[in-house]
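Asker: Take a look at this one; I'll ask things after.
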Amino acid sequence: MTAGLGTVLVVDDDANNRDLLSRRLRKVGYEAQIGQDGQHALALIGEQSFDVVLLDVMMPGLDGFEVLKIIREHYPATDLPIIMATAKDESEDVIHALGLGANDYVTKPLDFPVVVARIQTQISLKRAVEKVRQLERRLAERNLDLEEANARMSRDLRAAARIQESLLPRSSPDVPGLGFAWAFRPCDELAGDGLSAIKLDDHRVALYVLDVSGHGVASSLMSVSVGRLLTPPGDASSILIKGGEGEDRLEPLAPADVATRLNRMFPFEIATEQYFTLVYGVLDVSTGDFRYTLAGHPGPVLVTGDGKARILPGRGYPIGLADGPKPYNEWGVRLNPGDRLYLYSDGIPEAVSPDGQPFGIDRMLEIITGSGLEPLCGAVNDLVSEVENWSGATSVRDDVSILAVEVSGD
């Protein structure tokens, strides 16, 4: 352990010189020890640590140069500074010593204030190096901790993403007369969007797209929580059904009632500042009737068989922000064979180009109608590709979700 101003090893074969110098060093605050010759100095250095060595060049046996060379084989100049004491006019000794790794030199007869100044300079440099190394070690440890934390986070994010993906449709619902296509592009590892097409019975299917405010883990957690509830009627957690007439018969819940249930279950909390928008509807393939509700979400796009597109009407507060016992309304439209219906998140029209221009509703409708002769899956992929191309190098800043259904009439 360093004491006082530092520990100094004074190596000199002249007893008077080393005793006088060591006493004066102790007097000004250094801990000084003496080495009687080169061998003794090497033994002391092997047993304990020193902040600096004051090493005489001219000594019997191992001279100062030989001792310096041996020390440098084990200790770099930053770990153990060595100041050589040389004769005043022996410049070649100075050059030789510096070449062997000496940090500095003083000339005899020694000027004590100069010796103290040189010693303190070397000790200050040594301690500065030690501090830098300590900081580097701490930084390396912190970096290792961060790498481990990032690895854990990456594993957790991948696991969460798999859970989220499990809520997406794995295949199209088996509902005769209907075709389905969808796309789901998170802007981060996890998304706040969610979508699905859920078979309610032999002739009815539920469709929804939701968009949780914000991005990242918090939004994803809410999206997954909501998705767990918007599940097929056979799932115990589903909120899409109610008891109907007849024994063990279940009846789909009206879209407005589904939104009302969700609004009660997910009230807005100031702490999280989270809410979500939703378009939810039920399509009856036997009649072509589509009943839907909007909770702060863009209205669906209906493309009729003759290629005309329009946004279906409706409005309502986002889930969590509505008041009253029945805060949501329903709207309806009848679909005919050849009609297509698109439910989407606002990540599509609000996508921004590198120069700040929004993708926009008009461009979205133009692309949808222009893809009318393509298969439904191709039309959906075309729209997503156009959004990604529009965003360019800036990449899409919001989740992009789209769910499309086509009435075939078969």
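Asker: Out of curiosity, is LEU54 at pLDDT 95 or above and closer than 17 Å to VAL11 by Cβ? Full working, then the answer.
Answerer: Working: at pLDDT 95 or above: yes; closer than 17 Å to VAL11 by Cβ: yes.
When the stated conditions are applied, LEU54 passes them.
Asker: Sort out which residues of region 289-314 are in a strand (DSSP E or B) and either polar (S, T, N, Q) or not assigned by TED's automatic domain parsing to the domain that holds VAL175 (or both), and write them in order of number. Break it down stepwise before answering.
Answerer: Initially, region 289-314 is screened for residues in a strand (DSSP E or B), giving 289-296, 301-303, 309-311.
Selection gives THR293 alone.
Asker: To continue, here is another question. Looking at region 365-375 only, could you name the residues that are buried (at least 19 other Cβ atoms within 10 Å of the Cβ) and farther than 13 Å from TYR344 by Cβ?
Answerer: Scanning region 365-375 gives a single hit, SER371.
Asker: Taking ALA149, is it surrounded by 10 or more Cβ atoms within 10 Å (Cβ to Cβ), modelled with pLDDT under 85 and part of a helix (DSSP H, G or I)? Spell out the reasoning first.
Answerer: Values: surrounded by 10 or more Cβ atoms within 10 Å (Cβ to Cβ): yes; modelled with pLDDT under 85: yes; part of a helix (DSSP H, G or I): yes.
Judged against the criteria, ALA149 is a match.
Asker: Same structure, new question: Would you confirm whether or not region 9-27 contains a residue that is surrounded by 15 or more Cβ atoms within 10 Å (Cβ to Cβ), more than 18 Å from PRO109 (Cα to Cα) and polar (S, T, N, Q)?
Answerer: Of all residues in region 9-27, those surrounded by 15 or more Cβ atoms within 10 Å (Cβ to Cβ) come to 9-13, 17-18, 20-22, 24-25.
Applying the additional criterion that residues be more than 18 Å from PRO109 (Cα to Cα) yields 9.
In the following step, the residues that additionally are polar (S, T, N, Q) were identified as none.
No, region 9-27 contains no residue that is surrounded by 15 or more Cβ atoms within 10 Å (Cβ to Cβ), more than 18 Å from PRO109 (Cα to Cα) and polar (S, T, N, Q).
Asker: Looking at (1) farther than 26 Å from ASP201 by Cα; (2) in a loop (DSSP other than H, G, I, E, B); (3) over 36 Å from the mean Cα position of the chain (by Cα), which is the one condition that is false for SER286?
Answerer: Every condition holds for SER286 apart from (1).
Asker: A follow-up question, please. Tell me which residues, restricted to region 246-281, are closer than 18 Å to ARG228 by Cα and in a strand (DSSP E or B). Break it down stepwise before answering.
Answerer: Filtering region 246-281 for residues closer than 18 Å to ARG228 by Cα gives 252-253, 255, 257-267, 274-281.
Within region 246-281, PRO252, GLN274, PHE276, THR277, LEU278, VAL279, TYR280, GLY281 qualify.
Asker: State yes or no: is PRO81 more than 19 Å from ASN17 (Cβ to Cβ) and crowded, with 20+ Cβ neighbours inside 10 Å? Don't jump to the end; show me each part of the working.
Answerer: Working: more than 19 Å from ASN17 (Cβ to Cβ): yes; crowded, with 20+ Cβ neighbours inside 10 Å: yes.
Against the criterion (more than 19 Å from ASN17 (Cβ to Cβ) and crowded, with 20+ Cβ neighbours inside 10 Å), PRO81 qualifies.
Asker: Quick one: which helices (runs of 4 or more DSSP H) sit completely within region 1-104 and have at least 2 residues that are under 53 Å from the mean Cα position of the chain (by Cα)? Before you say what the answer is, go through the steps one by one.
Answerer: Working: elements: 15-27, 38-47, 64-72, 91-100.
Filter on region 1-104 gives 38-47, 64-72, 91-100.
Asker: Find the residue count for region 100-142, including only residues that are β-branched (Val, Ile, Thr) and either loosely packed, with under 12 Cβ neighbours inside 10 Å or in contact with an Asp or Glu (Cβ under 6 Å, 6 or more places away or on another chain) (or both).
Answerer: Restricting attention to region 100-142, the residues satisfying the condition of being β-branched (Val, Ile, Thr) are 106-107, 114-116, 119, 121, 123, 129, 132.
Filter once more, so that each one left must be either loosely packed, with under 12 Cβ neighbours inside 10 Å or in contact with an Asp or Glu (Cβ under 6 Å, 6 or more places away or on another chain) (or both): 114, 123, 132.
Residues meeting the conditions: 3.
Asker: Could you list all residues from region 324-356 that are over 23 Å from ASP257 (Cβ atoms) and without any contact (Cβ under 8 Å) to a residue 40 or more places away in the chain?
Answerer: Within region 324-356, ASP355, GLY356 meet the criteria.
Asker: Any chance you could count how many residues in region 89-138 are farther than 24 Å from ASN17 by Cα and acidic (Asp, Glu)?
Answerer: Here the count works out to 2.
Asker: Looking for whichever is in the same structural domain as GLN122 (by TED's automatic domain parsing), surrounded by fewer than 17 Cβ atoms within 10 Å (Cβ to Cβ) and modelled with pLDDT of 95 or more here; the options are LYS88, LYS69. Which one fits?
Answerer: Details: LYS88 fails: modelled with pLDDT of 95 or more.
Of the residues listed, the single one that is in the same structural domain as GLN122 (by TED's automatic domain parsing), surrounded by fewer than 17 Cβ atoms within 10 Å (Cβ to Cβ) and modelled with pLDDT of 95 or more is LYS69.
Asker: For region 376-384, state whether one or more residues are in the same structural domain as GLY305 (by TED's automatic domain parsing), touching a residue at least 60 places away in the same chain (Cβ under 8 Å) and either touching an Asp or Glu at 6+ places or on another chain (Cβ under 7 Å) or surrounded by fewer than 14 Cβ atoms within 10 Å (Cβ to Cβ) (or both).
Answerer: Yes, the conditions are met somewhere in region 376-384.
The values are calculated or read from the model by the stated rules, or taken from the named source; none is laboratory data. What you are looking at is a predicted structure, and each value in this text was computed from that prediction instead of being measured. Using ideal geometry, Cβ is built from the backbone for each residue, glycine included, and neighbour counts are taken over all protein chains shown.
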